[in-house]
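Peer 1: Let me give you the structure first, and then I'll get to my questions.
Please treat every number below as a calculation from the coordinates, not as lab data. Predicted model only: the values in this text are computed from it and were never measured. All Cβ positions, even for glycine, are placed from backbone atoms using ideal geometry, and neighbour counts span all protein chains on display.
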Amino acid sequence: MKLKLDLPKERWDFIKTKLEPFKNDSETVTLFCHAIDSFDLEESLPQKIFQVLSASGKNPFQFPKARILQDCNGGAGIIKEIAMQDISLPTLADSYYQFLLDNFKMEKK
């Protein structure tokens with residue numbers, strides 16, 4: 001059985017409510033309920049940038065310039081969030097590429 005683990009928070013809460021009655025019957029269910037409680041479901045800036053670039057048909061494997069990100073649907077909000085957190089784009093580029101390394105396996109063809 002395969003599980004799609006990138007569910008919205010509401011779906012995780014729904015799963016937890018369905019499993020709660022069986023929490024005392026199985027150690028596995030108990031551990032799973034505790035794991036759901038401990039999830040940090042907030043999206044990081046690199047993850048948001050990746051999603052915006054992918055949805056807009058831009059190359060998500062290259063960190064965008066501010067103008068390219070601004071032109072994407074939802075990019076203006078990310079630019080505003082970056083400005084509010086007082087983060088520079090070159091600094092964010094490092095964490096973006098680390099996000100790519102952590103989440104994607106890249107092979108040279």
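Peer 1: How far apart, in nm, are the 7 Å Cα→Cβ label points at Phe32 and Ser44?
Peer 2: Output for this residue pair reads 2.8 nm.
Peer 1: Next up: Based on the Cβ-Cβ distance of Phe104 and Ser56, what FRET efficiency does E = 1/(1 + (r/R0)^6) give at R0 = 25 Å, to the nearest 0.05?
Peer 2: Numbers: r = 18 Å, r/R0 = 0.73.
The pair Phe104/Ser56 has a calculated efficiency of 0.85.
Peer 1: Could you give the nm distance between label points at Ala93 and Lys80, where each point is 7 Å from its Cα heading toward the beta carbon?
Peer 2: 2.6
Peer 1: Compute the Cα gyration tensor for segment 45-103, then decide on rounded, prolate or oblate, letting a ≥ b ≥ c be the square roots of its eigenvalues: rounded whenever a/c is under 1.5, prolate when a/b is larger than b/c in the other cases, and oblate in all that remain. It would help to have the intermediate numbers written out before the result.
Peer 2: Working: a/c = 1.71, a/b = 1.03, b/c = 1.65.
Oblate shape, in that a/c is at least 1.5 and b/c is the bigger or equal ratio.
Peer 1: Over 24 Å between C-alpha atoms is what I'm after, so list which of Lys9/Lys108; Lys58/Lys108; Lys16/Lys80 land there.
Peer 2: Working: Lys9/Lys108 35 Å; Lys58/Lys108 20 Å; Lys16/Lys80 34 Å.
Those over the limit are Lys9/Lys108; Lys16/Lys80.
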